[in-house]
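To start, the structure under review is shown below, and the notes come after it.
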Amino acid sequence: MPGLLVEFDMHKIGIYFIAFLALSACTREIELKEQDYEKKLVLNGLICPDSLISVRISRTISILSNENPIIENATVLLYRNERYIETLQHEKNGIYKSETIYPKADSIYTIQVEVDDYPTIRATDTVPKLINIIYGTHASGNSYDEYGDPHQDYEIVIDDLPEKNFYELFFISQNFPNEYSTKYYINFQIEPVVADPVLRSDSELDFFNFTYIFSDTFFNGRRYCMKNKFLYACVQSVSSHPYAPTPYDHYAILRTTSYSYYNYRKYWIRHSNNQQIGNKIDDPLFMSLIGDPVSMYSNVEGGYGIFVAYNQTCYKLEEQ
């Protein structure tokens, strides 16, 4: 990956330095008192037809508490189309997993969680139908940025179905385990230079992200050719399993998502980009970029968290 070139503006640095001195001179210690909080359960689960259904159960605790929020004695009931089918079993660290059930497309799944001394919680979502990419290409070097690095062009054709559909799209390449590492290194393409009109209208491009959320509002029920041009840049993630069948090749991964998943991801992108964490709070040069946190979307009745579904296709892109 190319290095990052930074140009310094001495006038701006002077302003930031003065602002930093003013802020550091206006600090004082305050006592943080214990506050009441709602005693509720937290359910988090992401289900798809490729994996056995599993969820994580925890509870709310005070911000000042050192207690473990994990719940290991819950009764977690699974329903499909409103009929009871299984009680999920606790594995470890609050993870409850089905022994036999893989989600089915176009089916409705409900999780109900019961724990002594807590209100019962429920969450429901529908697994969407699989929608395929029928053609896709990747090209490097059709154009270049000002530093001479090649742009990355991606083109895919989505075979959309007539009903309202929601999507999450990302482009990856990956390195497989070798003599130096037992892990998979997944490279997510980032930094669109020329984004497709659908992404520009519906994908929170004002924020940093490496997956792109959108609906089929502009192409409902027909095939749509989506074209995007990116910088030569990626974010790397380490995984214990591959995202795609082969190393080094470029893939487009398209998730057909539920409406709840679509909402959750949109809220999460805004929420995570407005948090006062990491370098944003450690580096005074970034303090002017900090915004207010955004409340998270939840579809859990009587508690907190999220329980959502998706269906996924993985397409190996032809090199141009």
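Step by step: first the residues of the range 253-267, then only those that are hydroxyl-bearing (Ser, Thr, Tyr) and in a helix (DSSP H, G or I), then the one that is surrounded by the most Cβ atoms within 10 Å (Cβ to Cβ). Which residue is that? I'd like the intermediate steps shown before the answer.
Just the residues of the range 253-267 that are hydroxyl-bearing (Ser, Thr, Tyr), to begin with: 256-262, 264, 267.
Now narrow it down to the ones that are in a helix (DSSP H, G or I): 259-262, 264, 267.
On the way: Tyr259: 16, Ser260: 20, Tyr261: 27, Tyr262: 23, Tyr264: 22, Tyr267: 17.
For the range 253-267, the residue satisfying everything is Tyr261.
So in the range 191-202, with the set limited to residues that are out of contact with any Lys or Arg (no Cβ under 6 Å at 6 or more places or on another chain) and crowded, with 17+ Cβ neighbours inside 10 Å, which one is farthest from Tyr144 (Cα to Cα)?
So, considering only residues that are out of contact with any Lys or Arg (no Cβ under 6 Å at 6 or more places or on another chain) and crowded, with 17+ Cβ neighbours inside 10 Å, the one farthest from Tyr144 (Cα to Cα) is Asp202.
Quick one: Lys280 ticks every box in (1) at pLDDT below 90; (2) assigned to a loop (DSSP other than H, G, I, E, B) except a single one, so which number is it?
(2)
Among the residues of the range 61-82, count how many are buried (at least 16 other Cβ atoms within 10 Å of the Cβ) and outside any strand (DSSP E or B).
Going through the range 61-82 one residue at a time, the tally reaches 2.
Of the residues that sit in the range 102-120 and are over 24 Å from the mean Cα position of the chain (by Cα) and aliphatic (A, V, I, L, M), which one is nearest to Tyr304 (Cα to Cα)?
Val113
So Tyr224 ticks every box in (1) surrounded by 15 or more Cβ atoms within 10 Å (Cβ to Cβ); (2) under 21 Å from the mean Cα position of the chain (by Cα) but one. Which box is left unticked?
Every listed condition holds for Tyr224 apart from (2).
From the list Ile156, Ile213, which residue is modelled with pLDDT of 95 or more, of a type in the set (Val, Ile, Thr) and closer than 22 Å to Glu319 by Cβ?
Ile156
The values are calculated or read from the model by the stated rules, or taken from the named source; none is laboratory data. Because the structure is predicted, anything quoted here is derived from the model rather than measured. All Cβ positions, even for glycine, are placed from backbone atoms using ideal geometry, and neighbour counts span all protein chains on display.
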